[in-house]
Amino acid sequence: MNVTKSNLYNSISKEHNLSLGDLFLFENVAVIQVHEGMHVDIDSLQDCLEILYDFYEKRKKPFSLISNRINKYSIEVLDYPKYSSLFDNICMYGIIGYSSFSEMNISIEKRFSKMKTLTFNTLNEAFTYSNTVAQNKVSIN
């Protein structure tokens, strides 16, 4: 489900519409929805990473990051180790997959991630769990 069509939309602190995708910032959780056909790597994520840093890291605010995979796109899995070293305050990374193909890709991605990565079936499930983890400042690494 798209964040803009969910019951979470009214709780957004900030919304950023970037060339890579849409980034929704909540008090304790960030949700990214990458646009169809994009390629995600450390370079294409720069704007997103800077926004996350400014919103959470500068305030020393624990947060969880969710990738809401409503579109199909490619990911440079070799860049995964670089992401986890950028944020001291990230508590967890969650991925919502909506197809068996997406779930297969997620299982491959998990092998490259230094951070514990959890998968979810719905946006609400991912948000509720991720928000609780960040509120309790629990790292699941």
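The values are calculated or read from the model by the stated rules, or taken from the named source; none is laboratory data. From a predicted model like this one, the values you see are computed outputs, not experimental measurements. Don't worry about glycine lacking a Cβ; one is built from the backbone with ideal geometry, like all the others, and counts go over all protein chains shown.
Those residues that are surrounded by fewer than 14 Cβ atoms within 10 Å (Cβ to Cβ) and either outside any helix (DSSP H, G or I) or modelled with pLDDT under 95 (or both), I need them from region 3-26; list them, please. Selection gives Asn7, Ser13, Lys14, Glu15, Asn17, Ser19. Comparison of Ser130, Ser64 shows that the only residue that is touching a residue at least 40 places away in the same chain (Cβ under 8 Å), assigned to a strand (DSSP E or B) and either among the small types (Gly, Ala, Ser) or surrounded by 19 or more Cβ atoms within 10 Å (Cβ to Cβ) (or both) is Ser64. Taken together, Ile70, Ile51 contain a single residue that is on the phi < 0 side of the Ramachandran plot, surrounded by 14 or more Cβ atoms within 10 Å (Cβ to Cβ), in contact with a strand residue (DSSP E or B) (Cβ under 8 Å, 6 or more places away or on another chain) and part of a loop (DSSP other than H, G, I, E, B), which is Ile70.
Between Asn7, Asn68, Asn28, Asn89, the distinction of being of a type in the set (S, T, N, Q) and more than 18 Å from Leu123 (Cβ to Cβ) belongs to Asn89 only. The number of residues in region 96-127 being under 15 Å from the mean Cα position of the chain (by Cα), assigned to a helix (DSSP H, G or I) and among the charged types (D, E, K, R) comes to 3. The residues of region 66-87 that are closer than 18 Å to Val133 by Cβ and modelled with pLDDT under 90, listed by number, are Tyr83, Ser84, Phe87.
Looking at the structure I just gave you, is Thr117 touching a strand residue (DSSP E or B) at 6+ places or on another chain (Cβ under 7 Å), surrounded by 14 or more Cβ atoms within 10 Å (Cβ to Cβ) and not aromatic (Phe, Trp, Tyr)? So Thr117 fits the description; yes.
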